[in-house]
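Student: Input: one structure, supplied below.
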Amino acid sequence: MKEYISENPRETTKLGRKIAEGIEAGDIIGFNGDLGSGKTFIIKSICRALGVTEEVTSPTFTLMHLYNGDYKILHLDCYRLKTAQEAEMLGLDEYFDSEHVCLIEWAERIKEILPDNAKIIEMDHVPGKQDCRRIVI
Ligand SMILES: Nc1ncnc2c1ncn2[C@@H]1O[C@H](COP(=O)(O)OP(=O)(O)OP(=O)(O)O)[C@@H](O)[C@H]1O
Ligand SMILES: [Mg+2]
């Protein structure tokens, strides 16, 4: 476990690039943390670093986005999922068992069906510091 303190969005972008360097096909990374903690923000920077040229936006309402970069990427947001069963019905297993790099916001909501090899990144606000985030990998 490693803890980073990001003082501003630029630092989070840098960290996203660093995370991207370690990514391989089939990797699953879950992002947990409260609203506005920067999950979508860091996923954007990871996708950029992985060669995604199309716009990366929050899939809060669409649930999932697929991008093509150096890898096939699934960007998932589980915020609106009520149960892991709901997630199961979406056929997420097939993505988890594939070459897709899966980047999952609110991963804790589907922890029952998240594969054991998934890595987890926790993001939190730092009280009293608007642009500061604590990021635990
Ligand atoms: N150090 C920082 N790291 C990341 N984002 C920051 C930082 N400081 C400020 N921000 C801002 O915080 C916001 C984070 O929003 P983002 O949509 O990424 O949150 P989220 O965790 O995906 O929220 P949600 O749970 O609603 O999906 C962005 O507007 C970003 O510019
Ligand atoms: Mg988000």
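Here, each number is a calculation from the coordinates, and none is a lab measurement. Remember, it's a predicted structure, so these values are computed and weren't measured experimentally. Cβ placement follows ideal geometry from the backbone for every residue including glycine, while neighbour counts extend to all protein chains displayed.
Student: Counting just the residues of segment 108-125 that are in contact with a strand residue (DSSP E or B) (Cβ under 7 Å, 6 or more places away or on another chain) and loosely packed, with under 14 Cβ neighbours inside 10 Å, which one comes out farthest from E94 (Cα to Cα)? Give the steps one after another, and end with the answer.
Tutor: Start the filter on segment 108-125 by keeping residues that are in contact with a strand residue (DSSP E or B) (Cβ under 7 Å, 6 or more places away or on another chain), which leaves 108, 114-115, 117-125.
Filter once more, so that each one left must be loosely packed, with under 14 Cβ neighbours inside 10 Å: 115, 117.
Numbers: P115: 11, N117: 15 Å.
Here the answer is N117.
Student: Kindly provide the set of residues from segment 111-137 that are within 15 Å of ligand 2 (Cβ to nearest atom) and touching a helix residue (DSSP H, G or I) at 6+ places or on another chain (Cβ under 8 Å), ordered by number. Talk me through it step by step, then tell me what you get.
Tutor: As a first pass, look at segment 111-137 and keep what is within 15 Å of ligand 2 (Cβ to nearest atom): 121-125, 133, 135.
The answer is I121, M123, R133, I135.
Student: Filter segment 83-110 down to the residues that are free of Cβ contacts under 8 Å to residues at least 40 places away in the same chain and either among the hydroxyl-bearing types (S, T, Y) or touching a helix residue (DSSP H, G or I) at 6+ places or on another chain (Cβ under 8 Å) (or both) and list them by number.
Tutor: Of the residues in segment 83-110, the ones free of Cβ contacts under 8 Å to residues at least 40 places away in the same chain are 83-95, 97, 109-110.
Matches in segment 83-110: T83, A84, A87, L92, Y95, R109, I110.
Student: I'm trying to understand the selection: among the residues of segment 31-58, which are within 8 Å of ligand 2 (Cβ to nearest atom) and of a type in the set (S, T, N, Q)?
Tutor: Selection gives T40, S58.
Student: Among the residues of segment 76-96, what is the count of those that are exposed (fewer than 11 other Cβ atoms within 10 Å of the Cβ) and closer than 16 Å to A25 by Cα? Break it down into steps so the answer makes sense when it comes.
Tutor: Pass one, segment 76-96, residues exposed (fewer than 11 other Cβ atoms within 10 Å of the Cβ): 82, 89, 91, 94.
Among the residues that remain, those that are also closer than 16 Å to A25 by Cα are: 94.
Residues meeting the conditions: 1.
Student: Among the candidates G33, G26, G69, G38, which residue alone is over 28 Å from V126 (Cα atoms), surrounded by 15 or more Cβ atoms within 10 Å (Cβ to Cβ), touching a residue at least 60 places away in the same chain (Cβ under 8 Å) and not hydrophobic (A, V, I, L, M, F, W, C)?
Tutor: G26
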